[in-house]
Every structure is written in C-alpha cells, then in structure tokens.
Amino acid sequence: MSEQISATVGAEAQELGDGRTLSNRELLRALLRKPQFVLCSLLLLVFFAMAAVPKLFTSADPRFCELAKSRQGRGPGHPFGFDIQGCDYFANVVYGARPSVLVSICASFGVFVLAGSLGLLAGYFPGFVDGLISRTADVLFSIPGIVVLIVILNSVANRSIWIIVGVILLIGWPGGMRLMRATVFSVRNREYVLAARSIGVPPVRILRKHVFPNAMAPLLAMTTLGIGGMVGLEAALTFLGVGLQPPSISWGSQFGVAASYRDTPHLFIWPALFISTMTISFMIIGDSIRDALDPKLMR
C-alpha cells in the first residue's frame, strides 16, 4: 500500500509546482527549435572533438619549431602563422583546446554536484545542517574569489588541470548552493513531499525522487551559463602566471606570450577568437536551457 501511495506521490510531483514540467523529450524538442542552440551546439562539438582528438584537425607537431620562422605570418600549410619559437601556431591553438575544455566542463560539473548536494541538505534540513553549510558559504563569500585562487595556486609547485579544478571547486560552490537552497525551501513543503513524509518514506529517497528533480532546474541553468565563465577564468589564471605551467599548451598561456609581443597581432587574435567563440556558445546554450525550463514559457 505504501509503495502505491509513493508512486502516486511521484506522479503528483511531476504535475504540481509552477506549471507543467517538461519531459526530457519535450525539452530536447524545444531546444532543437532554436537555431542559435543548434549552431552553438555544433560549434561546441567541434571544440570537444578538437580537445579529444586534436590530430583530426592538424598533423603538425605543436612542439616542432624552427626559430628562423619566429613570429612569421600565415603561409602555405600554416594558416595561423608561427609563434615566437617558430612553432606552427594553428597546431598550438588546436592542442590548447584540451585544458580549456577540461577545466570548464569538469569544474562546472563539480560545482553543480557539490552546490546541488549541499543546497539540497541545507534547504531540506533547517537548523544545524543549514546553519553549518550556510555560514561556511558566508565565509567564502566574504573573501574575494580571484585572490584566493591566486594565493592557493601560487603556493602549489606543480599545477595540473585537476589541481586548478579542485581549487575552483573549493571556492565556486557557495553561489549555486544558495540558489539550490532557496529552491528547495519552495519545494520541501509542497503536497507531494508532505505526503511522502507522512507515509514514512526515508529522507534520502524523498530528496532523490521528489525534491531534487523539482528543484534542480535553476541550478542547471546557472551552471550552463557559468561554463563560459570557466573558460575565461582558466585563461586568466594562466595569463597571470598561476595556471598551467610549461610544457602544457593552453589558450591562456598563448595570451601570456602575446602580451609581450604586441607588434605581432596574430599571436593574440587566434586564441582570443577561440575563447570568445566557446564562451559565447556556452552562454547561448545556457540561455536556451533556462528559457526552456522557465515555467512561464511552458504555458
């Protein structure tokens, strides 16, 4: 009997709230009707392929250099010209996609999981749990994030992609946690949650089956919008000298080199173009997902 009631509660959870919820298939159809979403998704697929299998885009070795060609412009077989060491710049830009993609995707996914989990606990268990998580977030909010990143990363001898992702996670979760916590507050006292609680459904099952699916949409939209910012953050950290270290190749390190050679514009233009295209694509996709999940637009 309790299982039947629980199933009924789950069905009601799909119908109650600020309007009708979209199924995965309906959400996908709504997104595919947006030309900007389709275009940006295709661009991101190209970037992901570039990061995963760079040899599909270039056969040149990014570390094969000829100093005699240092800072030369484009030529046959070298559409982006050469860097200061005479290496093929197109190959460098292609191979530089991997750190940016990995940092942005892994850090954003990690922030989504961490912020979602902590926000879920803080919103559903008011009192000690909420106070502990919220006060910890307040402490992190009071410290300038970029300063913390620079200080921590500057004290690490060997900075890898995963260390940068870990430090971003350390300071990047409070904003998402606050959003998730506020959404859970609005969901935890709805009829289907109260009904599940009244028949003795364990809290973990309530959170997993009823609260999280109906509270995750704002955090999901915020995360997709923030992925583009992660791309720029990785580039900024590397440009400031606290990001990835040589011999790693990234768009941020190319920015750092280009800053010292302002009379060679192609050193700056190409990584800037790739970073801006990837950032804008993520932001447009985030906007599209947010609009599709907006209950006011479902009616």
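The values are calculated or read from the model by the stated rules, or taken from the named source; none is laboratory data. Just so you know, these numbers come straight off a predicted model, no measurement behind them. When we count neighbours, we look across all protein chains shown, and the Cβ atoms used for this are built from the backbone with ideal geometry, even at glycine. Note: areas computed on protein heavy atoms with side chains; ligands, DNA, RNA excluded. Shrake-Rupley method; radii C 1.70, N 1.55, O 1.52, S 1.80 Å.
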Inter-residue pairs, beta-carbon under 6 Å, first within 13 Å of Ile164 (Cα to Cα) and open to solvent by less than 10 Å² (accessible area, probe 1.4 Å) and in segment 227-243, second part of a helix (DSSP H, G or I) and of a type in the set (S, T, N, Q), 6+ apart: Val231/Ser100; Val231/Ser104; Val231/Thr279; Glu234/Ser100; Val242/Asn154
Quick one: Val113 ticks every box in (1) buried (at least 16 other Cβ atoms within 10 Å of the Cβ); (2) without any contact (Cβ under 8 Å) to a residue 40 or more places away in the chain; (3) under 32 Å from the mean Cα position of the chain (by Cα) bar one, so which box is it? (1)
Name the residue, out of Ile146, Ile163, that is at pLDDT 85 or above, closer than 29 Å to Gly96 by Cα and assigned to a helix (DSSP H, G or I). Ile163
Val156 being of a type in the set (A, V, I, L, M) and either open to solvent by less than 40 Å² (accessible area, probe 1.4 Å) or part of a loop (DSSP other than H, G, I, E, B) (or both): yes
Can you find a residue in segment 121-131 that is aliphatic (A, V, I, L, M) and within 10 Å of Met180 (Cβ to Cβ)? yes
Would it be correct to say that Ser41 is touching an Asp or Glu at 6+ places or on another chain (Cβ under 9 Å), open to solvent by less than 90 Å² (accessible area, probe 1.4 Å) and polar (S, T, N, Q)? no
When Ser198 is run through (1) touching a residue at least 24 places away in the same chain (Cβ under 8 Å); (2) open to solvent by 50 Å² or more (accessible area, probe 1.4 Å), the failure sits at (1)
Would you confirm whether any residue within segment 177-184 is in contact with a Lys or Arg (Cβ under 7 Å, 6 or more places away or on another chain), surrounded by fewer than 21 Cβ atoms within 10 Å (Cβ to Cβ), over 30 Å from Ile249 (Cα atoms) and among the small types (Gly, Ala, Ser)? no
Tell me which of these Thr223 doesn't satisfy, since it passes every other one: (1) closer than 13 Å to Gly116 by Cα; (2) of a type in the set (Ser, Thr, Tyr); (3) free of Cβ contacts under 8 Å to residues at least 40 places away in the same chain. (3)
Selection over segment 248-272 where residues are within 19 Å of Arg63 (Cα to Cα), of a type in the set (S, T, N, Q) and open to solvent by 30 Å² or more (accessible area, probe 1.4 Å) yields a count of 2
If you go through Asp130, Asp83, the only one that is acidic (Asp, Glu), under 30 Å from Ser186 (Cβ atoms) and touching a residue at least 40 places away in the same chain (Cβ under 8 Å) is Asp130
Is there any pair with a first residue in segment 35-62 that is touching a residue at least 60 places away in the same chain (Cβ under 8 Å) and a second that is of a type in the set (Phe, Trp, Tyr) whose Cβ atoms are under 8 Å apart and which are 6 or more apart or on different chains, and what are they? Cys40/Phe282; Leu44/Phe282; Phe47/Phe274; Pro62/Tyr95
Filter pass, Arg178 being touching a residue at least 12 places away in the same chain (Cβ under 8 Å), touching a Leu at 6+ places or on another chain (Cβ under 9 Å) and among the charged types (D, E, K, R): no
Report the residue count in segment 63-80 for those that are crowded, with 16+ Cβ neighbours inside 10 Å and without any contact (Cβ under 8 Å) to a residue 24 or more places away in the chain. 4
